[in-house]
Protein chains: 2
Amino acid sequence: MAKIDVSRRQLFKGVGALALGLTLGKILPPKAQAQKINASRWPWPYVKLDPKTTAELAYESWYHLYCGAAVINSVFSQLRKKVGQPYLSFPIKGFMFAEGGVAGWGTICGSLLGANIVTNLIIGPRLTGNPTGTLMGSEIMQWYTEAKMPLYVPKNPKVSPDKIPHTVSNSPLCHISVGKWMKKAHKALHSPERRDRCARVTASVAYHLVELLNLWKEGKYETEGEFPSGEFGITAQYNCEDCHGENVPEPPGEED
Amino acid sequence: MAKIDVSRRQLFKGVGALALGLTLGKILPPKAQAQKINASRWPWPYVKLDPKTTAELAYESWYHLYCGAAVINSVFSQLRKKVGQPYLSFPIKGFMFAEGGVAGWGTICGSLLGANIVTNLIIGPRLTGNPTGTLMGSEIMQWYTEAKMPLYVPKNPKVSPDKIPHTVSNSPLCHISVGKWMKKAHKALHSPERRDRCARVTASVAYHLVELLNLWKEGKYETEGEFPSGEFGITAQYNCEDCHGENVPEPPGEED
């Protein structure tokens, strides 16, 4: 009898553990249950995504998350469903601050910041020995500076496309990208047209980002990205004359 | 007997579940076991940190993670130990790409990008109804532009302090911050002096970041941060004349 009592106590413990398991099962999202989370092991699992679906998601997301978080959301929200972790544990909405070139300061275009976050988190940082994620982010920046933005026209645009002119930023900076467009469109920062232009730029970046990630997944991606600092002797964009005019300073060399 | 058999089968199932629990216990890091991970619920748990310890961590981290990831690491690596989740699941090293103003493009100083990530992830994005995290990030950017950088002198500097002059960037951009310093120091981008200068800037930002977060934790933080876009009618820095000279353009207004 004593033995049986002990067994029963163990049985109850066992049932308790099972019940706890079921409770945790209810708390954790389905994909998270069976998966070990290790967000610092690269590459993150990736499955090919549809560029158009991604662009539409980015366009719609812009209107509540703005440029940076919208790009991240357009890719990661799909991978949360198709893959699970580590996407489920990544705080997408926390990157809303990328808006307006980081809190309205006009530095890097938020959609580019979002794209760099996505390429570097999926493919991995260069300390893994593979610089592809960083160079893909750099390639998207170069592509952005030369594109007649916005490229993507959403299925159900909130503003008529004929009210959205196209401009080439020649810079990855929000201030210059938005400023050149505002000058051509003659529209204010808070106008529906400027807002829709930036939602479409965000969608354009998301579209191209997924095109490149899909190529990478297929093993066909050959990067055109560079570290501009290696070429210029200073961290830099390519549009030196825009600010410096003809008097572009020569950075001090190694021999100085 | 039949009943006892059933009980024994359940017992074995129960023991199996217990054994599984122990196995998971070995896989997951200690703090993660008891904690539900929800990285999208704000604020993230925060305990006050020592600014000097944080600055030293940032300085040392710079030499393998560079500016952006070093700032994140200086704060989150401590909170991984003191708090656990969601810091354990955050891919700190994935943000190495912030180096050189995002992959060497000279846009936002990586240490500022790191600081914005930390304030917005701990306090939360403004869609929570609380803009404090975003405004604290903006305040750190304003403070940075006016500071005689680098402010922080590490305990064991890799380069003698007398070889590191101080400059005021008047900009949150890496290109301008580094460029003004290189001009004054007459040192190349890859010189030990420039590298140590940036490691110290990173430490300086981490120090101030934790000062502000500690104030916030105490309920004493009153932000000096703003959205510059609200003031200028365009996403912008405060140093208009640096690029525009005296002909600062007037952005189109709402009435245009």
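Bear in mind these aren't lab numbers, they're just calculated from the coordinates by the rules spelled out. Quantities reported herein were computed from a predicted structural model and do not represent experimental measurements. For neighbour counting, all protein chains shown are included, and Cβ atoms are generated from backbone atoms with ideal geometry for every residue, glycine included.
Suppose R0 equals 35 Å; then what is the FRET efficiency for A:LYS81 and B:LYS148 from their Cβ-Cβ distance, rounded to the nearest 0.05? Provide the component values of the computation, followed by the final result.
Values: r = 50 Å, r/R0 = 1.42.
Computed FRET efficiency for A:LYS81 and B:LYS148 comes out at 0.10.
Would you mind listing the distances between the A:SER77 label point and the same position in each other copy? Use 7 Å along Cα-to-C-beta, nm, one decimal, shortest first.
Here the equivalent label points are 3.5 nm apart from this one.
What aspartates and glutamates sit close enough to A:LYS52 to cross-link, taking a C-alpha to C-alpha distance under 13 Å and skipping anything fewer than 8 places away on the same chain?
By straight Cα distance, A:LYS52 reaches A:GLU60, A:GLU211.
Please average, across the residues of A:113-120, the number of beta carbons from any other chain that are within 10 Å of each residue's own beta carbon, and give a whole number. Spell out each step's value before the answer.
Details: counts 7, 0, 0, 8, 6, 0, 2, 10.
Whole-number average of other-chain Cβ neighbours for A:113-120 is 4.
Take B:LEU212, A:LEU113, A:LEU151 and order them by how many other Cβ atoms sit within 10 Å, fewest up front.
In order of increasing Cβ crowding within 10 Å: A:LEU151, B:LEU212, A:LEU113.
Enter the mean number of other protein chain beta carbons within 10 Å of the beta carbon of each residue in A:233-241, as an integer.
Values: counts 4, 13, 20, 11, 6, 1, 0, 1, 0.
Taking all residues of A:233-241 together, the mean is 6.
Taking A:HIS186 in one copy and the same position in all the others, each labelled 7 Å out along Cα→Cβ, what are the pairwise distances from the first, in nm, shortest first?
When each copy's label point is compared with this one, the spacings are 5.2 nm.
Using θ = phi - 60° and the Karplus curve 6.51 cos²θ - 1.76 cosθ + 1.60, what whole-Hz ³J(HN,Hα) does each residue of the stretch A:93-110 get, with Gly and Pro shown as x?
Here the 3J(HN,Hα) series is 5, x, 9, 4, 4, 5, 3, x, x, 6, 6, x, 7, x, 7, 3, 3, x Hz.
Between the alpha-carbon centers of the stretch B:224-256 and the stretch A:122-136, tell me the distance in whole angstrom.
Rounded to whole Å, the Cα centres lie 36 Å apart.
Quick one: net charge around B:THR54, please, counting Lys, Arg +1 and Asp, Glu -1 for every other residue with C-beta under 15 Å from its C-beta.
Numbers: positive: B:LYS48, B:LYS52, B:ARG80, B:LYS81, B:LYS82, B:LYS155, B:ARG200, B:LYS217; negative: B:ASP50, B:GLU56, B:GLU60, B:GLU211.
Computed value for this residue: +4.
Suppose we keep just the alpha-carbon trace of the stretch B:51-238; what are its Rg and Dmax in angstrom?
My reading of the Cα-based Rg and Dmax gives 15.8, 47 Å.
Placing a label point 7 Å from Cα toward Cβ, how far apart in nm is A:LYS220 from its equivalents in the other copies, listed shortest first to one decimal?
Ordered by distance, the counterparts are at 6.1 nm.
So for the pair A:ASP162, A:LEU127, with labels modelled 7 Å out along Cα→Cβ, what separation do we get in nm?
For the pair A:ASP162/A:LEU127, the computed spacing is 5.5 nm.
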